[in-house]
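Chemist: Sharing a structure below in structure tokens format, with a few things to ask.
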Amino acid sequence: MADEQVNVNEFQQLAKEALPKMNYDFYAGGAEDQYTLKENVEAFRRITTIAPQLKNLEGLLTIEPALDNGSNLESYAKETLDASLCWKDIEWLKSITNLPILIKGILTREDAIKAVEVGVAGIVVSNHGARQLDYCPATITVLEEVVHAVGGKIPVLFDGGVRRGTDVFKALALGAQAVLIGRPVIFGLAAKGEYGVRRVLQMLKDELELTMALSGCPSVKDITRSHVRTERDRLISML
């Protein structure tokens, strides 16, 4: 079809045309100068992938369970804001439910260590879509720091700026155990309803599978740190 979208970014323009301006600005916008909003996306472009050759890719697999469960997207519910919420409340939350508790918004080594200490089931490296504090770090730039701080004790999930399957690949290579998608799904829904959401997710999956194949990774478990090169890596190589 001549008008079929070829990448996730094209759904944003369709969403802009379909939504009232106020609604589109809410979903697409960020805080203040929108520096972090743009940096979430741009930071991925400064990470390159490395592709070993002659790898057996039979049975290419892009799905691994996170927290021993599926994504269960249909059960996702909006959270309410409590300005008094702090670390000490985690113990209370754990006392009233057997459900796994994850903390979203971790951007530093210190907070990651604290999350492990209070006994949460996992963390999400996120700056909340760059909608809160402008000029905080792009999530992909701090992911590895957080992963190292956690040391494999709890799962580390990731969101922020994902627009391509290559972005998913890079986040997995830097240690994320799952990658969450926000705005692209909203744009797909606004542009083409349920079909748009399915199309966005399929595009990301197809791009991830292609990147895995070209990088010699038959499964997401085979994606390692050696498959990407960051700005820090390039600077170190010049020393």
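Where a number appears in this text, it was derived from the coordinates with a stated rule and is not lab data. Since we're looking at a predicted model, the values are computed, not measured. A quick note on method: Cβ atoms are made from the backbone with ideal geometry, for glycine too, and the neighbour counts reach across all protein chains shown.
Chemist: Counting other beta carbons within 10 Å of each residue's own, what order do His227, His128, His148 fall into, fewest first?
Modeler: His148, His128, His227
Chemist: Gly160: net charge of surrounding residues, Cβ under 15 Å, Lys/Arg +1, Asp/Glu -1, itself excluded?
Modeler: On the way: positive: Lys38, Arg45, Arg46, Lys104, Arg131, Arg163, Arg164, Lys170, Arg183; negative: Glu39, Glu42, Asp134, Glu144, Glu145, Asp159, Asp167.
After counting each charged neighbour, the total is +2.
Chemist: Debye calculation, C-alpha points only, no solvent: report log10 I(q)/I(0) for the stretch 148-210 at q = 0.16, 0.20, 0.29 Å⁻¹, in the same order as the q values.
Modeler: -0.55, -0.76, -1.18
Chemist: May I pose another question? Less than 17 Å from a label point 7 Å out along the Cα-to-Cβ axis of Asp134: which backbone N atoms in the stretch 8-43 qualify, by residue?
Modeler: Only 25-42 fall inside the zone, counting backbone N under 17 Å.
Chemist: Could I ask something else about it? So for Leu239, Leu208, Leu189, Leu133, fewest C-beta neighbours within 10 Å to most, what's the order?
Modeler: Leu239, Leu133, Leu189, Leu208
Chemist: Could you please rank Val118, Val162, placing first whichever residue has the fewest other Cβ atoms within 10 Å of its Cβ?
Modeler: Working: Val118 15, Val162 25.
In increasing order of surrounding Cβ atoms, one gets Val118, Val162.
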